[in-house]
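The values are calculated or read from the model by the stated rules, or taken from the named source; none is laboratory data. Note that the structure is predicted; figures quoted are calculated from it, not measured. A quick note on method: Cβ atoms are made from the backbone with ideal geometry, for glycine too, and the neighbour counts reach across all protein chains shown. Accessible surface is based on the protein model in full, side chains and every heavy atom, while ligands, DNA and RNA are left aside. Shrake-Rupley method; radii C 1.70, N 1.55, O 1.52, S 1.80 Å.
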Amino acid sequence: MSNNKYQVAKRYGKALFQLAEEEQELDAVFHDVSHLRQQLVAIPELIPFLKQTSIEWPAKKVVLDELSTEYTETVKKTLAVIGENRRLAELIVILDEYETRYNEAKGIIKAQVTTVVPLTSAQKEQLIQKLKTQFHCNIVRLEETIDADILGGVVIRVRHQVLDGSLKTQLSKLKKELSR
């Protein structure tokens with residue numbers, strides 16, 4: 001996706017967020033956006049279908065209307081505008097932008113945590129409390145990954161930051177220091 005299309009898609013996501021905020025539907029729209037994302041993942045043919053330029057908007061509208069029968073009017077109208085303006089290829093970026101703005105407004109951060117072994121409940125709670133303090137947020141959603149390649153320790157990715165306390169990285173730094 002070109003940078004220009006990416007910026008346009010982000011503007012659509014921002015506009016959806018602002019509209020949901022004005023209509024006091026942030027949570028309902030977030031629910032719809034999350035559900036739509038799940039449908040896009042669950043039905044692998046859906047994204048290529050929506051991106052296909054040879055398929056006209058009315059055919060795509062029928063499919064989107066069927067998927068969005070329970071959605072808020074705000075989301076239904078936004079999907080119609082996106083489709084009419086031929087921006088369905090950027091739908092994922094639009095949904096991402098809405099979710100990012102929603103999370104910021106609600107004080108929610110996502111943290112990807114990579115360890116060698118699963119964290120215990122106590123370790124998770126301790127990590128969540130530290131991240132809440134460090135990032136000044138209300139809610140931390142942890143996504144855990146197990147990766148034996150890091151050898152030990154933990155790697156945490158939050159927003160655009162990486163906190164790398166892995167044994168692999170520490171050993172690599174020590175090796176560089178010793179080779180000077």
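Among the residues of the range 167-180, is any among the acidic types (Asp, Glu), modelled with pLDDT under 95 and open to solvent by 90 Å² or more (accessible area, probe 1.4 Å)? Yes, the range 167-180 contains a residue that is among the acidic types (Asp, Glu), modelled with pLDDT under 95 and open to solvent by 90 Å² or more (accessible area, probe 1.4 Å). Residues that are open to solvent by 50 Å² or more (accessible area, probe 1.4 Å), part of a helix (DSSP H, G or I), touching a residue at least 24 places away in the same chain (Cβ under 8 Å) and acidic (Asp, Glu) within the range 10-38 comprise just one, Glu21.
Answer yes or no: is there a residue in the range 21-40 that is within 16 Å of Arg101 (Cα to Cα) and β-branched (Val, Ile, Thr). Looking through the range 21-40, at least one residue is within 16 Å of Arg101 (Cα to Cα) and β-branched (Val, Ile, Thr). Can you find even one residue in the range 84-98 that is assigned to a loop (DSSP other than H, G, I, E, B), under 30 Å from Gln134 (Cα atoms) and either of a type in the set (D, E, K, R) or at pLDDT below 95 (or both)? For the range 84-98, residues assigned to a loop (DSSP other than H, G, I, E, B), under 30 Å from Gln134 (Cα atoms) and either of a type in the set (D, E, K, R) or at pLDDT below 95 (or both): absent. Put simply, of Glu90, Glu84 the only residue that is under 20 Å from the mean Cα position of the chain (by Cα) and among the charged types (D, E, K, R) is Glu90.
Determine, yes or no, whether Pro44 is open to solvent by 50 Å² or more (accessible area, probe 1.4 Å), under 22 Å from the mean Cα position of the chain (by Cα) and closer than 21 Å to Arg86 by Cα. The answer is yes for Pro44. The lone criterion from (1) small (Gly, Ala, Ser); (2) under 30 Å from Glu45 (Cα atoms); (3) in contact with a strand residue (DSSP E or B) (Cβ under 8 Å, 6 or more places away or on another chain) left unmet by Gly83 is number (3). Every residue in the range 99-134 that is in a strand (DSSP E or B) and open to solvent by 30 Å² or more (accessible area, probe 1.4 Å), please. Within the range 99-134, Lys110, Gln112 meet the criteria. Among the residues making up the range 54-76, those that are part of a helix (DSSP H, G or I), among the charged types (D, E, K, R) and more than 22 Å from the chain's Cα centre (by Cα) are Lys60, Lys61, Asp65, Glu66, Glu73. Within the range 135-153, the set of residues being surrounded by 14 or more Cβ atoms within 10 Å (Cβ to Cβ) and either in a helix (DSSP H, G or I) or among the aliphatic types (A, V, I, L, M) (or both) comprises Phe135, Val140, Leu142, Ile150. The criterion of being farther than 30 Å from Asp164 by Cα and either at pLDDT 95 or above or of a type outside the set (Phe, Trp, Tyr) (or both) holds for Thr72.
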